[in-house]
Amino acid sequence: MELIDLKTNTRNKTGKSASRAIRREGIVPAVFYGKKDPVLLSAIYGDLELALKKSRVPQVFINLIVDDGAEGKTAMVKECQIDPLSQQILHVDFYEIAMDQKIKLFVPVVLKGKAKGVEDGGHLQIIRRELEIKSLPADVPPNIEIDVTELGVGDSIHVNDIVPMPGVEIPADVNFTVVTIVATKAATDAQAAAQAGAEGDAAAAGA
């Protein structure tokens, strides 16, 4: 896990008008949720944007430095509000984490290989593009890789079929489908032709 330093300052004023005022100054309002009461924070927009871009994994882990304190607080970005039009960061929620305690978060699914079913005319359909995992912060993977090479038309990979890397759990209550190969008309016609050909060969051999 990569910890990214971010300098923040405590703030006292709350409310929409106060938040709008500091945003005009290039500062983003934030809240830190730790073991005690929530702490109101603010961060320079450029510093926050750079910290979010530095992360190599979907979840950003921050070494939160408050008021130039010597000791930072380890936190994760739980929620980041983005303006839908300008795409500017409006507000961030930080949640404190402990390095010796497992956390739950979502990571993207990455497919490996070319499925046999696609070569036979089927359509590969990704049902879940993200999976929830549980692990220590240091063991969080950048993604969950799934090999689809052996998938034929009509085959599926369910969550219980996935073997995560050591130290990582996938806490799914239901054995849902993650990826499947859906039959198309081309694939169905190819299968029918292959079956007809096999039956013809068998009939010829028995004649």
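Worth a mention:
- The GluC sites (Glu not before Pro) found in the stretch 1-102 that occupy coil by DSSP, while having at most 15 further C-beta atoms within 10 Å, are 2, 25, 71.
- Average projection area in nm² (convex hull over Cα atoms of the stretch 9-123, one quarter of hull surface): 11.0 nm²
- Neighbourhood charge, 13 Å Cβ-Cβ cut-off, centred on residue 138 and excluding it, Lys, Arg +1 and Asp, Glu -1: -2
- The stretch 65-110 and the stretch 160-176: distance between their alpha carbon centers, rounded to Å: 24 Å
- Across the alpha-carbon set of the stretch 83-184, the Rg to Rh ratio works out to 1.09, Rh being the Kirkwood radius.
- Residue 90 long-range amide H proximity, modeled H, under 5 Å: 81, 82, 83
- Computing P(r) over Cα pairs in 10 Å bins from 0, in percent for the structure here picks out one of (1) 9, 35, 37, 15, 4, 1; (2) 8, 30, 36, 22, 4, 0; (3) 8, 25, 22, 18, 12, 7, 4, 2, 1, 0, namely (3).
- Taking the helices alone, the chain has a mean residue ellipticity at 222 nm of -6500 deg cm²/dmol, built from -39,500 (n - 2.57) per DSSP H run of at least 4 residues and averaged over all its residues.
- The H on the amide N of residue 74, modeled in the peptide plane, is under 5 Å from the matching H of 64, 97, each at least 5 residues off or on a different chain.
- For residue 78, the shell of other residues with beta-carbons less than 12 Å away shows a net charge of -2, using +1 for Lys and Arg and -1 for Asp and Glu.
- Positive minus negative residues near residue 90 (Lys, Arg vs Asp, Glu; Cβ under 9 Å): 0
- Against the main long axis of the alpha-carbon atoms of the chain, helix 45-54 sits at an angle near 30°.
- Normalised by the number of residues in the stretch 1-96, the average gap of Cα pairs under 8 Å and 6 or more apart makes the relative contact order 33 percent.
- For residue 179, the residues 5 or more places off, or on other chains, whose built amide H falls under 5 Å of its own are 127, 157.
Throughout, read-outs are computed from the coordinates displayed, never taken from laboratory work. Please read these numbers as outputs of a predicted model, since none were measured by experiment. Note that we place each Cβ from the backbone using ideal geometry, even for glycine, and neighbour counts take in every protein chain shown.
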